[in-house]
1. Considering only C-alpha atoms, what is the centroid distance from segment 100-154 to segment 75-93, in Å?
2. Straight-line reach from residue 120: which aspartates and glutamates have Cα under 14 Å away, leaving out those fewer than 8 places along the same chain?
3. Out of segment 47-156, which GluC sites (Glu not before Pro) are coil in DSSP terms and have no more than 13 other C-beta atoms within 10 Å?
4. Amide H neighbours of residue 37 under 5 Å, counting only residues 5+ apart in sequence or on other chains, H built in-plane at 1.01 Å?
5. In straight Cα distance, which lysines are under 25 Å from residue 47, not counting same-chain residues fewer than 8 positions off?
6. If we count every other residue with Cβ under 11 angstrom of residue 153's Cβ, Lys/Arg +1 and Asp/Glu -1, where does the sum land?
7. Shape verdict for segment 45-130, please, from the Cα gyration tensor: rounded (a/c under 1.5), prolate (a/b greater than b/c) or oblate.
8. Looking at segment 13-73, which trypsin sites (Lys or Arg not before Pro) are DSSP coil and have at most 16 other C-beta atoms within 10 Å of their C-beta?
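The values are calculated or read from the model by the stated rules, or taken from the named source; none is laboratory data. Quick caveat: nothing in here was measured; it's all calculated off a predicted structure. Note that we place each Cβ from the backbone using ideal geometry, even for glycine, and neighbour counts take in every protein chain shown. Please note that ligands, DNA and RNA were not included when accessible areas were found on the heavy atoms of the full protein model with its side chains. Shrake-Rupley method; radii C 1.70, N 1.55, O 1.52, S 1.80 Å.
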Amino acid sequence: FMAKFELLYFGKSKYSFIQEGEDLFIDRLRHYYPMSIRSLSPKYRSKTKHEIQKTEADVLFKLLDEKAYLVLLDENGKTYTSRKFAEKLEHLNAYQSKVIFVIGGAFGFHNNVYARANEKLSLSSMTFSHQLIKLVFLEQYYRACTIIRGEKYHND
């Protein structure tokens, strides 16, 4: 039994160096817990913060399987050490069939998304662009996979 892991994010990657880093980690992850990555680019009808959040929430909910375990990457979420995050991934892999990590748009998540989330994960108390946080997340996800396998990548 292996969970299906997916990373969803709003917006597009603008920088080639970030895309190169993403490609590197996505390629490396094929040997571990593979992760599919999808960009969500809704058609925004309004420019207000609330309406943008609502539009993004509607797009996300159309994609969500009701049984999927939803983890929001959010600066107010729980923080983990790399080893604890590896333990969390092992647990999710054992007990969930589908795990979806989501990076919010520029204004964060709508309240409906927070209400649906199973967990919030913080990679830092600082705020990063969605492009950078995607790369940081993929590196930590890869690091966790190598920890699980006992491979040399992570140094304590």
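1. Answer, in whole Å: 10.
2. 74, 75
3. Hits after loop and neighbour filter: 66, 151.
4. For residue 37, whose amide H was placed from the backbone, the distant partners under 5 Å are 7.
5. 12, 14, 62, 134
6. Local charge sum for residue 153: +2.
7. The shape class here is oblate.
8. 14, 30, 43, 45, 47, 67
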